[in-house]
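Remarks on the structure that follows.
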Amino acid sequence: MRARREFQNRRDIEVDVLDALVDRAEEGMTVFELRAAVDADIDTIEDALAKLKEDGLISVENHRERVAILPDDRVIPDPEEEEIEEEQSFLDAVRERLGL
């Protein structure tokens with residue numbers, strides 16, 4: 001799943017981190033899990049996390065024996081909204097292919 005469209009205009013690494021976190025919004029992810037999910041070195045991921053936290057788009061919580069990074073609720077798309085966007089994207093792709 002991808003983060004809401006309004007959050008897709010950030011640096012690529014920040015978008016990649018948000019998308020990975022949205023995929024695991026319920027349980028969150030550790031920095032190491034993010035490193036496995038995002039194609040970037042740990043320093044780049046940490047910089048992106050710092051910026052996202054500064055902007056209030058993520059939170060960090062202690063979940064028993066692990067520290068989990070979670071996306072803010074406003075970053076997580078509404079499933080109904082996502083279906084509409086997917087349908088529009090499909091129609092846009094068909095129109096483009098047909099030259100309309």
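Just a few scattered comments:
- Note on the chain: with charges restricted to the Cβ of Lys and Arg (+1) and Asp and Glu (-1), its dipole about the Cα centre is near 200 debye.
- Prolate/oblate/rounded label for segment 1-83 (Cα gyration tensor, a/c 1.5): oblate
- Helix-only mean residue ellipticity at 222 nm for the chain, each DSSP H run of n ≥ 4 adding -39500 (n - 2.57), per residue, nearest 500: -16500 deg cm²/dmol
- The longest part of the chain holding none of the exposed loop GluC sites (Glu not before Pro), meaning those outside H, G, I, E and B in DSSP with at most 14 other Cβ atoms within 10 Å, is 28-64.
- The long axis of helix 79-98 is offset from the longest Cα principal axis of the chain by roughly 50 degrees.
- Put in line by how crowded their Cβ is, counting other Cβ atoms within 10 Å and starting with the fewest, THR30, THR44 read THR30, THR44.
Taken together, the values in this text are just the output of simple stated rules run on the coordinates, not laboratory data. These figures come from a predicted structure and were not determined experimentally. Backbone-built Cβ (ideal geometry, glycine too); neighbour counts: all protein chains shown.
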